[in-house]
Amino acid sequence: MSSDLKITYSRKGMSSVTKDQIELNINGESYEVLVQPWWTLLEVLRDEIHLTGTKEGCSNGNCGACSVLLDGKAIDACLTLAVEAVGHKVTTVEGLAKNGKLDPLQEKFVEWGALQCGFCTPGFLISARGLLDQNPKPTEKEIRLALAGNLCRCTGYDKIVKAVLDTSGQPIESTYNPSQND
Amino acid sequence: MNSFTYESPKSLQEATSLLSQQSGVIRPLVGGSDLIDQLRTNRKQADLVMDIKSIPETTSMEFDANGALHLGSAVSCADTYANPTVRSQFTAIAESCELIGSIQIQNRASAGGNVCNSSPSADTIPALLVHDAIAVIASAKGLREIALNEFFTGPGKNVLETGEFLVKLVIPNPSANSASHYLRFIPREEMDIAVAGAASFVTVDSSGTCLQARIALAAVAPTPIRAYEAEKVLTGKIITEDLIDEAGVTAAASAKPISDVRGSADYRKQLVKVLTKRTLQKCLRTLK
Ligand SMILES: Cc1cc2nc3c(=O)[nH]c(=O)nc-3n(C[C@H](O)[C@H](O)[C@H](O)COP(=O)(O)OP(=O)(O)OC[C@H]3O[C@@H](n4cnc5c(N)ncnc54)[C@H](O)[C@@H]3O)c2cc1C
Ligand code: FES
Ligand code: FES
């Protein structure tokens with residue numbers, strides 16, 4: 001999609017009269033969307049713009065599956081109204097890969113097998129990206145703290161932490177390595 | 001979510017005129033980490049959500065000529081604890097902002113929202129109380145100030161009246177040789193609500209005599225409270241380990257906790273004793 005292309009979405013069966021037309025900047029693209037003021041950014045990303053990489057887990061700020069970057073900082077899209085994102089840059093998991101090339105963080109998640117069902121993965125990638133952009137060489141403790149707002153029911157977190165450490169180019173004090181990892 | 005309209009006023013005046021003209025329930029919005037879920041689950045209603053993140057007075061964090069911290073009600077927890085002066089001079093406040101939720105929450109949520117939500121377990125409130133914070137409140141009639149100490153009236157309740165909102169918190173410059181710390185107890189390492197919390201603020205003179213002590217507690221009464229009797233134990237004396245023990249016991253006696261899923265009343269009193277002692281010990285270590 002070229003960046004000057006503007007697309008108007010509206011939900012079927014709902015009058016657009018009461019909706020606000022807003023412009024959102026998502027992954028560098030500009031989108032014009034009709035929204036109700038009470039729609040969350042998560043709802044608009046998924047249901048209106050069909051960027052479904054961002055997941056809905058709890059919808060109350062506890063699981064982090066809905067994490068997106070707002071001006072480079074990780075936030076929960078389920079606690080943010082879509083109208084609040086006007087004038088800000090939103091990055092979703094779809095925006096991490098550039099020109100068909102995965103973000104190094106995504107590469108390391110693959111290498112380490114830092115996922116099982118994968119439902120939590122977009123959220124983890126976003127909060128880890130937010131961390132590394134601010135702090136390129138985080139300690140393991142800093143990584144675990146930065147990822148504390150993301151829940152994973154499958155992996156036990158260890159491989160996720162190692163994938164992030166590895167992305168930052170730091171040694172991994174570990175009894176196993178990615179190649180032994182299955 | 002039930003329907004509401006949304007406004008994002010660009011000035012204090014715009015905000016207060018909105019508040020005075022509109023009928024129905026108007027709810028200020030900062031991080032939404034309390035409000036959005038409360039609206040979604042129908043625990044709160046709103047006819048108008050007023051986003052206060054575009055108002056210069058609420059979004060700024062400044063130090064005045066006297067060194068007092070003017071913390072806008074829409075400044076995020078992350079921006080608050082990232083400030084080096086807040087960390088060194090207003091340590092308990094930085095520590096409490098750093099405990100709230102996750103990074104995702106801290107990047108949006110504010111101490112102002114924590115105060116206005118007025119939960120008995122709110123982490124920033126004891127820290128703000130021991131720092132003698134003042135709430136600056138705006139309405140169409142102008143500004144008024146109230147000591148934060150007198151702000152809370154019950155669980156989730158405060159003195160804000162219809163047509164009013166919190167502009168900022170003003171926190172006096174601590175005198176030389178002061179230190180403050182906040183600690184809470186949660187069963188997990190992160191992302192949990194305090195079973196109990198304690199903040200201490202101590203000022204000593206060159207001989208080590210305690211000139212001033214303030215202690216405040218979270219989650220052990222219908223509102224966050226000061227533990228005045230425990231403060232008196234320390235004031236005017238050289239702070240020894242025995243005195244710290246006594247202050248802990250006295251603070252526990254002033255707590256009026258309930259028993260609930262997070263802990264029994266007795267357990268909470270024990271926690272107050274331990275947390276008060278630890279914050280005081282930490283203050284002494286900082287002052288060394
Ligand atoms: C996952 C999760 C974890 C959390 N962990 C903690 C924790 O560890 N400790 C803790 O104390 N809290 C915690 N909270 C609660 C919440 O994050 C905090 O209370 C936070 O400080 C609220 O700030 P906010 O800016 O998001 O407030 P909002 O949700 O925007 O507002 C809160 C309330 O105050 C009102 N309000 C906001 N600003 C003003 C104003 N200026 N004037 C008048 N009224 C106003 C709103 O209308 C609303 O009723 C957590 C919440 C979540 C979702
Ligand atoms: S869906 Fe937003 S934090 Fe769980
Ligand atoms: S991989 Fe299944 S929840 Fe994390």
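Assorted remarks:
- B:Ser33 vs. criteria facing chain A (nearest Cβ under 8 Å), without any contact (Cβ under 8 Å) to a residue 24 or more places away in the chain and either surrounded by fewer than 19 Cβ atoms within 10 Å (Cβ to Cβ) or more than 22 Å from A:Lys19 (Cα to Cα) (or both): no
- The strands (runs of 3 or more DSSP E) found wholly in the range B:1-91 and carrying at least 3 residues that are touching a helix residue (DSSP H, G or I) at 6+ places or on another chain (Cβ under 7 Å) and more than 21 Å from A:Ser59 (Cα to Cα) occupy B:69-72.
- Candidates B:Ile100, B:Ile93, B:Ile52, B:Ile36, filtered to the one that is over 15 Å from B:Ala111 (Cβ atoms) and among the aliphatic types (A, V, I, L, M): B:Ile36
- Scanning the range B:184-209 for residues that are more than 9 Å from ligand 1 (Cβ to nearest atom) and over 19 Å from B:Phe90 (Cα atoms) returns B:Phe185, B:Pro187, B:Arg188, B:Glu189, B:Val195, B:Ala196, B:Ser206, B:Ser207, B:Gly208, B:Thr209.
- Residue among A:Gly100, A:Gly87, A:Gly123 that alone is in the same structural domain as A:Gly156 (by TED's automatic domain parsing) and more than 25 Å from B:Glu190 (Cβ to Cβ): A:Gly100
- For the range B:96-121, a tally of residues being farther than 14 Å from B:Ser73 by Cβ and among the aliphatic types (A, V, I, L, M) returns 4.
- Neighbours by Cβ (under 6 Å, 6+ apart or cross-chain): first from the range A:23-39, within 14 Å of chain B (Cβ to nearest Cβ); second polar (S, T, N, Q) and surrounded by 20 or more Cβ atoms within 10 Å (Cβ to Cβ): none
- From the list A:Val86, A:Val93, A:Val110, A:Val44, the lone residue that is at the interface with another protein chain (Cβ under 9 Å from one of its Cβ atoms) and either away from ligand 1 (no atom under 14 Å from the Cβ) or out of contact with any helix residue (DSSP H, G or I) (no Cβ under 9 Å at 6 or more places or on another chain) (or both) is A:Val86.
- Subset of the range A:94-127 that is more than 17 Å from A:Ile143 (Cβ to Cβ) and buried (at least 19 other Cβ atoms within 10 Å of the Cβ) - its residue that is farthest from ligand 3 (Cβ to nearest atom): A:Gly95
- For the range B:44-56, the set of residues classified as more than 10 Å from chain A (Cβ to nearest Cβ) and under 21 Å from B:Gln104 (Cβ atoms) consists of B:Ile52 only.
- Considering residues of the range A:52-62 that are more than 10 Å from chain B (Cβ to nearest Cβ) and not charged (D, E, K, R) only, the residue surrounded by the fewest Cβ atoms within 10 Å (Cβ to Cβ): A:Thr52
- One residue from B:Ala68, B:Ala109, B:Ala138 being touching a residue at least 12 places away in the same chain (Cβ under 8 Å), within 14 Å of another protein chain (Cβ to nearest Cβ) and more than 18 Å from B:Leu217 (Cβ to Cβ): B:Ala109
- Residue match in the range B:117-134 (condition: near ligand 1 (Cβ under 8 Å from one of its atoms), of a type in the set (A, V, I, L, M, F, W, C) and surrounded by fewer than 24 Cβ atoms within 10 Å (Cβ to Cβ)): no
The values are calculated or read from the model by the stated rules, or taken from the named source; none is laboratory data. Please read all numbers here as calculations on a predicted model, not as lab measurements. When we count neighbours, we look across all protein chains shown, and the Cβ atoms used for this are built from the backbone with ideal geometry, even at glycine.
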